[in-house]
Amino acid sequence: MDLMIKEKIKQVKKGDQSAFEDVVTFYQHKIYQHCYRMLGNAHEAEDIAQEAFIRAYTNIDSYDINRKFSTWLYRIATNLTIDRIRKRKPDYYLDAEVKGTDGLNMYSQLESDTILPEAEVENLELKSYIHHEISELPPKYRSIIILRYLEEFSLQEISDILDIPLGTVKTRIHRGREALRKKLRHV
């Protein structure tokens, strides 16, 4: 798959705009999901994902064809989401209550494979609580935890995406997990 993407990128660099459509089609869901996990808001995630593709297209000449395109694209999306988080009002939370509902958020609307309704509710509440606690982490730890445990990137890929040394990635994962562990110790 990486070879197909590299070929498409080479075509884009030569001026073939339609080749970038294929790249967007391949990555759009993954980038949207990443942005949504970082931001917790569907509309913001759509905006940031679209902006990430626009930036990737306009800066395609700065992309090094010898590196993975997905790493470069995720770095753009991550930087844009972190910028958006920094510009938010301080009282805005990723797990904000849905207006017109009684304490429900978007996580409580997710489907579950669990058969028992009680277990389903417990799982949703736990998942919502964990995501809420992740969203309360400082952005430098939040992005690392999301990339590592929700997006399942390798340490090296995280290092490339965030453009930080591998040792810093390991330290931030450790500190982020410790901070999350302290928040979740009573669960």
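Quick note: the coordinates plus some simple rules give every number you see, no bench work behind them. Keep in mind the model is a prediction, meaning the values are calculated, not measured. No Cβ is skipped: glycine too gets one built from the backbone with ideal geometry, and neighbour counts run over all protein chains shown.
Points to keep in mind about this one:
- Computed E for V187/K30 - FRET, C-beta separation, R0 35 angstrom, nearest 0.05: 0.75
- Mean Cα-pair separation over length for the stretch 1-99, i.e. relative contact order, pairs under 8 Å, 6 or more apart, %: 28
- Straightening the chain between E46 and R88 buys 13.5 nm, computed as 0.36 nm per residue apart minus the Cα-Cα spacing.
- Values of log10 I(q)/I(0) for the stretch 1-99 across q = 0.11, 0.21 Å⁻¹ run -0.36, -1.01, by the Debye formula with one identical scatterer at each alpha carbon and no solvent.
- By average C-beta atoms within 10 angstrom, highest first, the peptides 58-71, 163-176, 22-35: 22-35, 163-176, 58-71
- Whole-angstrom gap from the stretch 56-74 to the stretch 145-169, using each part's C-alpha centre: 17
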